[in-house]
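Asks: Take a look at this one; I'll ask things after.
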Amino acid sequence: MKNPFDHLDRILEHRVRLQIMGVLTANDSFDFVSLKELLQTSDGNLATHLKALEREKYILVQKSFVDRKPNTRYKITERGKQAFRKHLDAMEEVIRAQRK
Amino acid sequence: MKPADHYQEDLASIRKMMEQSSKFLSLSGLSGILAGTYALLGASAAYYLIQFPLAPIDYRQESVRGANLVPLLAIAAAVLVASLASGYWLSRRKAEKAGQPFWNETSRRLVINLLIPLATGGLFTLLLLLNGHFGVVAPSLLIFYGLALTNASPNLYGEIRYLGYSEILIGLAAALWPGYGLLFWALGFGVLHILYGAVMYRKYDR
């Protein structure tokens, strides 16, 4: 039998990253400040996780200015959506396997 | 802790974040009850203005006279302002109690999704009114309000969708029987709001 752990995505093995992916799945896009408020994390922590997801091309970054203040928005990519779905399936597999 | 428990918690936190980020959950049920009450008060005032001595359930044959237009608009505006004000105040209080932000990405999105059909409907109704089509007011306000609710329901509690459908149906009925316009208006904006507000209050506010 295959090991269900093999399907897990190492990049997504952090709660904050999973939450980011969830928020970006439920919404077209989300900005940094609102994301920080929602997840209740520090600037640095959130930025690190966003960077990691960006590096993997799971999310896109859009920088612009709103009222002369910098505004950074994030969007999930098609690749990110697929990875997120796969990872969720793998998590469910693990849960099912251990419940038996 | 077993990995399965850990993943279970992960899944729960993802679900929570998805819901919190897309839904404005601070809408107060109490404000629905109040809005419905204002609408019923407004409808009673309008009844004495345009229909009395005819009974409330009698079919009105005559159209509204132009002279009554300004007082009617004033009543409608008062109901709207009072409803918005108590909705704002009570929802803000609910958000503060829950320690959640009131004005953020989610509530901004909700307002935009509500306003597009609502502002269109309001302007549309006003323009027809200026051209003397009084009979269209009740049905078009009800229909556009229903469309606004259905449009914004992904950003609200799911049940709001059904309130939207009901308003649309009542609006269509009001178009079919324009002489019952006031009665349908009281039903859609008054009775339904009180009913839904009470259900929401029992389910989410306590």
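The values are calculated or read from the model by the stated rules, or taken from the named source; none is laboratory data. Predicted model, so just to flag it, every value in this text is computed and none were measured. Backbone-built Cβ (ideal geometry, glycine too); neighbour counts: all protein chains shown. Accessible surface areas use protein heavy atoms only, side chains included; no ligands, DNA or RNA. Shrake-Rupley method; radii C 1.70, N 1.55, O 1.52, S 1.80 Å.
Asks: If you go through segment B:82-118, how many residues are β-branched (Val, Ile, Thr) and more than 13 Å from every other protein chain (Cβ to nearest Cβ)?
Replies: Count: 2.
Asks: Within segment A:60-73, identify whether any single residue is open to solvent by less than 30 Å² (accessible area, probe 1.4 Å) and either under 13 Å from the mean Cα position of the chain (by Cα) or under 12 Å from A:LEU12 (Cβ atoms) (or both), and answer yes or no.
Replies: No, because not a single residue in segment A:60-73 is open to solvent by less than 30 Å² (accessible area, probe 1.4 Å) and either under 13 Å from the mean Cα position of the chain (by Cα) or under 12 Å from A:LEU12 (Cβ atoms) (or both).
Asks: Specify the residue that is farthest from the other protein chains (Cβ to nearest Cβ); the eligible residues are those in segment B:119-134 that are at pLDDT 90 or above and open to solvent by less than 60 Å² (accessible area, probe 1.4 Å).
Replies: B:LEU128
Asks: For segment B:183-206, which positions are at pLDDT 90 or above, open to solvent by less than 60 Å² (accessible area, probe 1.4 Å) and either assigned to a loop (DSSP other than H, G, I, E, B) or farther than 16 Å from B:TYR145 by Cβ (or both)?
Replies: Selection gives B:ALA198, B:MET200.
Asks: Which one of these is open to solvent by less than 50 Å² (accessible area, probe 1.4 Å), β-branched (Val, Ile, Thr) and at pLDDT 95 or above: B:ILE116, B:ILE143, B:ILE160?
Replies: Testing whether each residue is open to solvent by less than 50 Å² (accessible area, probe 1.4 Å), β-branched (Val, Ile, Thr) and at pLDDT 95 or above leaves just B:ILE143.
Asks: Here's something else I'd like to know. Restricting the search to segment A:8-42, which residues are acidic (Asp, Glu), open to solvent by less than 70 Å² (accessible area, probe 1.4 Å) and at the interface with chain B (Cβ under 8 Å from one of its Cβ atoms)?
Replies: Passing the criteria: only A:ASP31.
Asks: Could I ask something else about it? B:THR37 fails exactly one of the following numbered conditions: (1) more than 14 Å from chain A (Cβ to nearest Cβ); (2) among the hydroxyl-bearing types (Ser, Thr, Tyr); (3) in contact with a Lys or Arg (Cβ under 7 Å, 6 or more places away or on another chain). What is the number of that condition?
Replies: Every condition holds for B:THR37 apart from (3).
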